[in-house]
Amino acid sequence: MTPRPSGPGQDRAAASSAGGGGPVPLAAALGASPVLLDGGLSNQLEAQGHDLADELWSARLLAEAPGEIERAHAAYLAAGARVLITASYQASFEGFARRGLPPGRARELFGRSVRLARRAASRAAGPVWVAASVGPYGAVLADGSEYRGRYGLDVAELAAFHRPRIEALAEAGPDVLALETVPDVVEAEALLRAADGCGVPVWLSYTVAGGRTRAGQPLAEAFAVAAHDPQVIAVGVNCCEAGEVEAALEAAAHACPGLPLVAYPNSGEGWDAERAAWTGAPSFSASAARGWVARGARLVGGCCRVGPDGIAALDAALSRAAGPGPADA
């Protein structure tokens, strides 16, 4: 699929230069206007015919079908996305080792995740940034525990787990690290510690439910860990129901005044880890994004089960919100 040559998403991010981010940092672009993220990489890969019922999830295709990952990135660029999130969410040295891949090969696959996104971005007209995904420890366990947190590990132990992953991704030169789907404050502190000194800015996004982290902590406490960290360029939420976003953004804005916010909820369907299946009906609505932007969101997109059609709808909704006239109802 060939990315479209121009569109509202490109216009909103015109403060940057073309092809892979250029010299203008993502943080600078966020100061000008909202920037559109992509959607769920795994559901797009499944739509392309791949079975991801595997503990490595989409990261398995880094070794087996890298061209399909690049093709999925291109589908989101065609929908208007200006930030591509890499296929490294569930990647780990431990997980690759269980597949018989030595550390050197694993490191190369981490780097490949960034290069695939960069290569897709290089064919787009207009600015595109690459966000290297750093998923939580629970994602690597592949048992749904990223939606619970509280693994029984302390900050130092979790930081020791994440640091090699972050180093491998940072070496490949992404524009930002997406510390995403974080279920609790302990892991947020560990991720920020592990990323310190890596030379790449980060965003921190929690997965939330009932107005709290998945581990049950107040959001004011959760976002406060990033309030004075100079490496953080945005905070917010992802992989939650869309109805949770506005209240979470308000908490983030209060805890981190002046910091851009990020919002990319999932479709609203539930994940049954035991059955490895999605349940319930989708509740994601692109029109809600205008409310997110009004509350400070500058990185806006979708997570699990939000595909290119959903991102195209977000692109249109944000364009209407930014237009000269009143937004459509």
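A compact table of results
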read-out	value
Protein accessible area in segment 117-167, 1.4 Å probe - carbon and sulfur %	51 percent
Surface share of carbon and sulfur [accessible, 1.4 angstrom probe, percent] for segment 22-89	52 percent
Zone residues, segment 279-307, relative to Glu246, backbone N less than 16 Å from point 7 Å out along Cα-to-Cβ	284-297
Leu101-Arg71 FRET efficiency (beta carbon distance; Förster radius 30 Å; 0.05 resolution)	0.85
Debye, to nearest 20: dipole size of the chain, +1 on Lys, Arg Cβ, -1 on Asp, Glu Cβ	820 debye
Ordering of 59-69, 281-291 by burial proxy (mean other Cβ atoms within 10 Å per residue, highest first)	59-69, 281-291
Computed lengthening from Asp51 to Leu153, 0.36 nm per intervening residue step minus Cα-Cα distance	33.6 nm
Solvent-accessible area per residue for the chain (1.4 angstrom probe, square angstrom)	37 Å²
Relative contact order of the chain, defined on C-alpha pairs under 8 angstrom at six or more residues apart (%)	19 percent
CD proxy at 222 nm, helix term only [per DSSP H run n ≥ 4: -39500 (n - 2.57); per residue of the chain; nearest 500]	-11500 deg cm²/dmol
Amide H within-cut-off set for Ala234, under 5 Å, with H built and near neighbours excluded	Leu204
Gain on full stretching of the segment that runs from Ala209 to Ser287 - 0.36 nm per residue minus C-alpha separation	26.0 nm
Total charge dipole magnitude, segment 88-201, about the Cα centre, Cβ charges on Lys, Arg, Asp, Glu only, Debye to nearest 20	660 debye
Charge sum, other residues only, whose C-beta stays under 11 Å from Leu261's C-beta, Lys/Arg counted +1 and Asp/Glu -1	0
Heavy-atom accessible surface of segment 194-267: percent carbon and sulfur, 1.4 Å	52 percent
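The values are calculated or read from the model by the stated rules, or taken from the named source; none is laboratory data. Bear in mind that the values here come from a model prediction, so they are computed numbers and not experimental data. Note: ideal-geometry Cβ built from the backbone for every residue, glycine included; neighbour counts use all protein chains shown. Keep in mind that these areas ignore ligands, DNA and RNA; they rest on the heavy atoms of the full protein, side chains included. Shrake-Rupley method; radii C 1.70, N 1.55, O 1.52, S 1.80 Å.
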